[in-house]
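The values are calculated or read from the model by the stated rules, or taken from the named source; none is laboratory data. Being a predicted model, the structure only gives us computed values, none of them experimental. Cβ coordinates were reconstructed from backbone atoms using ideal geometry, including for glycine residues, and neighbour counts include every protein chain displayed. Protein only, heavy atoms only, side chains kept; ligands, DNA and RNA dropped before computing areas. Shrake-Rupley method; radii C 1.70, N 1.55, O 1.52, S 1.80 Å.
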Amino acid sequence: MTTFVDRVELHVAAGNGGHGCASVHREKFKPLGGPDGGNGGRGGDVILVVDQSVTTLLDYHHSPHRKATNGQPGAGDNRSGKDGQDLVLPVPDGTVVLDKHGNVLADLVGQGTTFIAGQGGRGGLGNAALASARRKAPGFALLGEPGEARDVVMELKTVADVALVGYPSAGKSSLISVLSAAKPKIADYPFTTLVPNLGVVTAGSTVYTIADVPGLIPGASQGKGLGLEFLRHVERCSVLVHVLDTATLESDRDPVSDLDVIEAELRQYGGLDDRPRLVVLNKIDIPDGQDLADMIRPELEERGYQVFEISAIARTGLKELSFALAGVIAEARAAKPAEEATRIVIRPKAVDDTGFTVTQEEDGIFRVRGEKPERWVRQTDFNNDEAVGYLADRLNRLGVESELMKAGARSGDGVAIGPEENAVVFDWEPTMMAGAEMLGRRGEDHRLEAPRPAAQRRRDRDAERDESQREYDEFDPF
């Protein structure tokens, strides 16, 4: 059964925003209490968070579909809906998030690093929030916006200072087991190691991590064996250590040719030419192994490699190797530029930026694209004439109608708002009559204009008093 997974496809769906509420306040002796519909709650986000206690993507391999909760709809008496709960997904340190086309969306390194994989939808406004001096009692509310749904690919790239590379059964797992407290599976047959193993080494005042990369054989960079699957785990390392088997029983192999093969695979994979290399000649506890190490060491040193002779079984030469690695890592860390605080970059919109575009397509339809128009369309209830009229007013104020005229649109032309697969299409009329005009002034409650007997009697009494005072003033002989 698979216990280590370092690449999965995840299907995330953020929560939908709750719908706004269209309600009128009702209370005894207050027949015209006004609109009191509350706003809908925000949908929950899907958030990826680096958690050091997580080392594999196995959970997402078995359960690739993840969804956050929806926001609750608003209610009367100005009660807003509850926000949806964010879905927090822990991922290993070193996880890279890509889209379906292979573009990197985020590189999650460091405890607590977060990435919003799915943005929750906005809640719709209730009619209380939509009321204005001209629209005293809106008979509609805005719908909640759908949450973002998309597919992402997560790849795990092990975060380690040292990467041990070499042929299967060269002794990489044995070496990491004696240098650190890691306990990998060890046996004398090829491909014993099926997953990258990670250990922590302390050498003096330097603490560093070391990982062995399994499955490197000729053709690994083209997908042969297990190499291509795990080569990504050497990308983040600071030092490469070639572990060479000086006691191999295969007649067609020798340590120098093994080194050349692995280097060729690393070059074809790319991006590792600048990493310092060390060479470890393992299994010198075997007599033939020590003799072979003595023969090839001068050649390797002539190539510029720093060579160490060790025996992972006899535990000889480990101290020198450990401190040498610590020195190289300390130099690499010192050479790294100091981390600077994230700069806040403000990019104000251009003065002439309308926030949307109008283009004419080959079939003659004029397509409107933009964040605001598309969001307004998603939040409109097209079964409510008043809501459609409100949308028309908003688009007109944004300047969509004038831009359509500039683009050459005429009365009766087709206009589509949104992407091709999910657009609202209508026949355009410059006046944008939407049917709500049949209701009188859009959004107003005709009851506010109805006769009110008590108020009318009061006005009549005031008028009679004023008339009597005027007649008295005119009759006064003094």
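For segment 376-430, filtered to residues that are under 33 Å from the mean Cα position of the chain (by Cα) and of a type in the set (Val, Ile, Thr), the residue that is nearest to residue 20 (Cα to Cα) is 380. Exactly one residue among 124, 166 is farther than 30 Å from residue 377 by Cα, small (Gly, Ala, Ser), touching an Asp or Glu at 6+ places or on another chain (Cβ under 8 Å) and open to solvent by less than 10 Å² (accessible area, probe 1.4 Å), and that residue is 166.
One line per residue, one yes/no per condition, for (1) assigned to a loop (DSSP other than H, G, I, E, B); (2) open to solvent by 20 Å² or more (accessible area, probe 1.4 Å); (3) farther than 30 Å from residue 135 by Cβ:
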| residue | (1), (2), (3) |
| --- | --- |
| 18 | yes, no, no |
| 38 | yes, no, no |
| 43 | yes, no, no |
| 49 | no, yes, yes |
| 52 | yes, yes, yes |
| 69 | yes, yes, yes |
| 72 | yes, yes, no |
| 82 | yes, yes, no |
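Among the numbered conditions (1) open to solvent by less than 90 Å² (accessible area, probe 1.4 Å); (2) under 15 Å from the mean Cα position of the chain (by Cα); (3) not aliphatic (A, V, I, L, M), the only one that residue 93 does not meet is (2). Determine whether residue 164 is modelled with pLDDT of 60 or more, closer than 20 Å to residue 261 by Cα and in contact with a helix residue (DSSP H, G or I) (Cβ under 7 Å, 6 or more places away or on another chain). The answer is yes for residue 164.
Scanning segment 20-36 for residues that are open to solvent by 70 Å² or more (accessible area, probe 1.4 Å) and of a type in the set (D, E, K, R), we see that the one that is nearest to residue 108 (Cα to Cα) is 26. Surrounded by fewer than 16 Cβ atoms within 10 Å (Cβ to Cβ) and at pLDDT 85 or above: does that describe residue 466? So residue 466 fails the test. Within segment 361-373, the presence of a residue that is of a type in the set (Lys, Arg), more than 30 Å from residue 246 (Cα to Cα) and modelled with pLDDT under 90 is excluded.
Checking 314, 324, 332 one by one, the residue that is closer than 17 Å to residue 177 by Cα and at pLDDT 85 or above is 314 and no other.
Of the helices (runs of 4 or more DSSP H) entirely within segment 321-408, those holding at least 1 residues that are free of Cβ contacts under 8 Å to residues at least 24 places away in the same chain, open to solvent by less than 70 Å² (accessible area, probe 1.4 Å) and among the hydroxyl-bearing types (Ser, Thr, Tyr) occupy 400-406. Restricted to segment 296-320, and to residues there that are touching a strand residue (DSSP E or B) at 6+ places or on another chain (Cβ under 7 Å) and part of a loop (DSSP other than H, G, I, E, B), the residue that is surrounded by the most Cβ atoms within 10 Å (Cβ to Cβ) is 310.
A Cβ distance below 7 Å, combined with a sequence gap of six or more or placement on separate chains, defines the contacts here; from segment 290-303, residues that are of a type in the set (S, T, N, Q) reach residues that are open to solvent by less than 80 Å² (accessible area, probe 1.4 Å) in the pairs 290/284. When the residues of segment 97-121 are filtered to those that are part of a loop (DSSP other than H, G, I, E, B) and among the polar types (S, T, N, Q), the one that is most open to solvent (accessible area, probe 1.4 Å) is 111.
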